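*Asks:* There's a structure below that I have some questions on.
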Amino acid sequence: MERKRPFRLETCFKLGLFGNICFVAFIIICLIYYYTFSPSGTFRLGFDIAAYIVEFAGFGLMALAIAGICCIVRQRGLMKTLLSVYVCVEVFLMLLDFDFIHLDVYNGRSNLLIILHAIFSALVGLSFLSLDPKRTRLEMLVGIAVSMILAGMFSAVLNLRVYGSILMNAFAYIFFFASLRYYYNREEIEIDCYGDRAKVQEYKSTFFKDE
């Protein structure tokens, strides 16, 4: 029995795109706050409220995108699992970095944490190859996105917090979801979804054909 789609796959890509735009906006707001008001000790409630709204909106949209992909796309169990874990990891890091969860061993500037975060994020990105393994177009998009994600490791060299790596992830997924949506709508990338009519290819044998 076929599953009922919560919404179209193209909508999932759009949600993922807007979710990551929210992450970029969140980090920009934080940078403005920390470099403009924080050094002087000035407190700006408006920046806090705006940052939290944008951040939670980003996670909400990304969670909806991943939930939709998991419900719509057939099989791809490994990709679905990695995407679900990815969102949980990003939420956990956010809670740690804002001290909503306190761990003595946590250090947002740890080089090891930043490098491991970039490598894990790259593995999650590579899992998208399973969406359409026969298309070189998808391989190109994933390759570019994963390269951007791995570039987040330079956050360690620049002595930035783990949010430097998260920011590169956001830029990578903005590019990836926007491009994936474009090529999917042009039918240059085919993804097997629940509810699609099975494509049957007929083969004609000439073995017994009369000469």
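Just so it is clear, none of the values below were taken in a lab; they were calculated from the coordinates. It should be emphasised that the depicted structure is a prediction, and the values quoted were computed from it without experimental measurement. Quick reminder, even Gly has a Cβ in these numbers, built from the backbone with ideal geometry, and neighbours come from all protein chains shown.
*Asks:* Using +1 on the beta carbon of Lys and Arg, -1 on that of Asp and Glu, and nothing else charged, what's the dipole of the stretch 98-147 about the Cα centre, debye to 20? Provide the component values of the computation, followed by the final result.
*Replies:* On the way: 4 positive and 4 negative charges, 62 e Å.
Dipole of the stretch 98-147, to the nearest 20 debye: 300 debye.
*Asks:* Okay, next question. D for the stretch 98-186, whole µm²/s, Stokes-Einstein with Kirkwood Rh over alpha-carbon pairs at 10 °C and 1.306 mPa s: what number? Could the numbers behind the result be given before it?
*Replies:* On the way: Rh = 13.9 Å.
Result for D is 114 µm²/s.
*Asks:* Next question. In nm, to one decimal, how far is the modelled label at Lys134 from the one at Leu116, with both set 7 Å along Cα→Cβ?
*Replies:* 4.0 nm
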